[in-house]
Structure formats: structure tokens, C-alpha cells
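Colleague: Quick one: the structure is below, and I'll ask about it shortly.
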């Protein structure tokens with residue numbers, strides 16, 4: 001499944017570029033405006049209005065990651081056509097973003113008391129490591145909520161918890177393998193380019209890597225839905 005997620009994204013790279021292109025440009029515009037705002041603040045000592053202008057573009061870029069992921073899921077499972085201009089922003093994307101935030105918050109919630117208890121006595125690294133492991137476990141058990149949101153399915157956490165009971169280690173490995181390598185590669189390359197004197201170009205490398213990661217993750221989530229639920233979509237798709 002991991003190899004297929006990468007291979008399928010590469011084979012469909014033209015469609016992925018079309019779906020992501022304008023979202024990437026909007027995100028890069030936000031980063032450019034943020035950089036200009038930072039430069040202006042450093043020279044004058046006063047807040048720059050450019051930073052306020054940049055915020056909507058940065059938000060749009062973040063939403064674009066969800067839109068691309070949802071589009072890649074729906075292309076594979078619901079037969080959505082290639083976009084005319086960009087991956088659409090619709091009710092499925094809104095559902096996906098909200099469910100992603102909710103599942104992420106739920107997965108991270110056990111780490112908060114651990115940090116609060118162990119942090120004051122010098123156990124912060126242990127608390128963070130344990131919290132990360134628990135978060136990965138919970139996210140793997142509930143990750144089917146993401147394709148369900150993209151397909152318009154009912155978010156049945158109990159069902160998702162049940163069907164991932166015997167395969168959550170594989171799911172965790174798959175989620176990591178479809179996210180971490182691209183994030184590390186683009187982050188490292190972007191940092192290197194930035195250190196060589198081109199910070200905006202380095203930031204752009206990271207942004208492009210994030211969208212590539214979203215496309216690969218969408219392909220993996222689509223496959224996981226099919227394998228663990230027994231079909232491309234149910235009646236709600």
C-alpha cells in the first residue's frame with residue numbers, strides 16, 4: 001500500500017499538479033507577504049500591515065492541503081473528475097478539516113496530563129515520547145475517520161476503532177511512511193537552501209513538499225478505506 005501510494009501519485013502527477021498548483025501559489029504568496037512583513041517590522045520597529053494581509057493566504061494554503069487530500073481520496077473512491085482549475089473547496093473539505101482537527105486533538109489529549117505531571121520533575125522528554133507513541137496509536141486506530149469525512153460518510157468512531165484492532169501497527173507504519181519521508185526531505189532541502197542565502201526559496205521547497213505529502217497521504221487513506229471497510233464507498237458517498 002505504501003509503494004502504491006507513492007507510485008500512483010507519481011503516475012498521476014499531471015493531475016496532482018493541476019489539483020495542487022493554484023493552492024501552492026496562494027500558499028507561496030502568503031509566505032512572501034509574511035517575509036516582507038518581517039522585514040518591514042525589523043526596519044521600522046512597528047507592526048506591518050503586510051503581515052495581516054498575509055494571514056488569509058497562509059490560511060488558504062493550509063486549507064489547500066486538505067482540499068488536495070480530499071480530492072485525491074475522492075478521485076480514487078468516488079470517481080471525481082480532474083479539476084478544471086484546482087482541487088475544489090467544498091463541504092467535503094470542510095468536513096475533512098474539522099474531523100482532522102478533532103481526531104488530532106483526541107490523539108494528542110493523553111499527552112497533556114503526562115507533560116503536566118512529569119514536566120516539573122524533569123521527566124519532560126519521557127512524557128513527550130510516551131505522548132507521541134500514544135498519539136500515533138490513537139491516530140492509527142481512528143484514521144478511517146479521514147476518508148469517511150472526505151466521502152461524506154458517517155463518522156463512526158466505534159466502528160473505525162473495531163476494524164483497525166488487528167492492523168493498527170501496519171496502519172501506523174503506513175501513515176508515517178507516507179508522511180515523514182517527504183516532510184524530512186523537503187524540510188532538510190529547504191533548510192539547506194535557506195542557509196545558502198535563499199530563505200524564500202527554501203520555504204517554497206517545504207511548501208511544495210507538504211503538498212506532495214498530502215497527495216501521497218490521500219492515496220494511502222483511500223486504499224486503507226477500501227481494505228478495511230470492504231468497498232470504495234457506502235451510500236453516503
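The values are calculated or read from the model by the stated rules, or taken from the named source; none is laboratory data. Computed from a predicted structure; not experimentally measured. FYI the Cβ positions are ideal-geometry reconstructions off the backbone, even for glycines, and counts take in every protein chain you see.
Colleague: Residue 230 passes all but one of (1) surrounded by fewer than 15 Cβ atoms within 10 Å (Cβ to Cβ); (2) within 27 Å of residue 114 (Cα to Cα); which number fails?
Modeller: (2)
Colleague: Moving on. Looking at (1) touching a helix residue (DSSP H, G or I) at 6+ places or on another chain (Cβ under 7 Å); (2) surrounded by fewer than 16 Cβ atoms within 10 Å (Cβ to Cβ); (3) within 21 Å of residue 68 (Cα to Cα), which is the only condition residue 176 fails?
Modeller: (1)
Colleague: While we're on this one: Go through region 20-56 and report how many residues are assigned to a helix (DSSP H, G or I), surrounded by 19 or more Cβ atoms within 10 Å (Cβ to Cβ) and at pLDDT below 80.
Modeller: Within region 20-56, residues that are assigned to a helix (DSSP H, G or I), surrounded by 19 or more Cβ atoms within 10 Å (Cβ to Cβ) and at pLDDT below 80 number 6.
Colleague: Just checking, does region 154-168 include any residue being surrounded by 15 or more Cβ atoms within 10 Å (Cβ to Cβ), in contact (Cβ under 8 Å) with a residue 60 or more places away in the chain and more than 22 Å from residue 70 (Cα to Cα)?
Modeller: The answer is yes, given that some residue of region 154-168 is surrounded by 15 or more Cβ atoms within 10 Å (Cβ to Cβ), in contact (Cβ under 8 Å) with a residue 60 or more places away in the chain and more than 22 Å from residue 70 (Cα to Cα).
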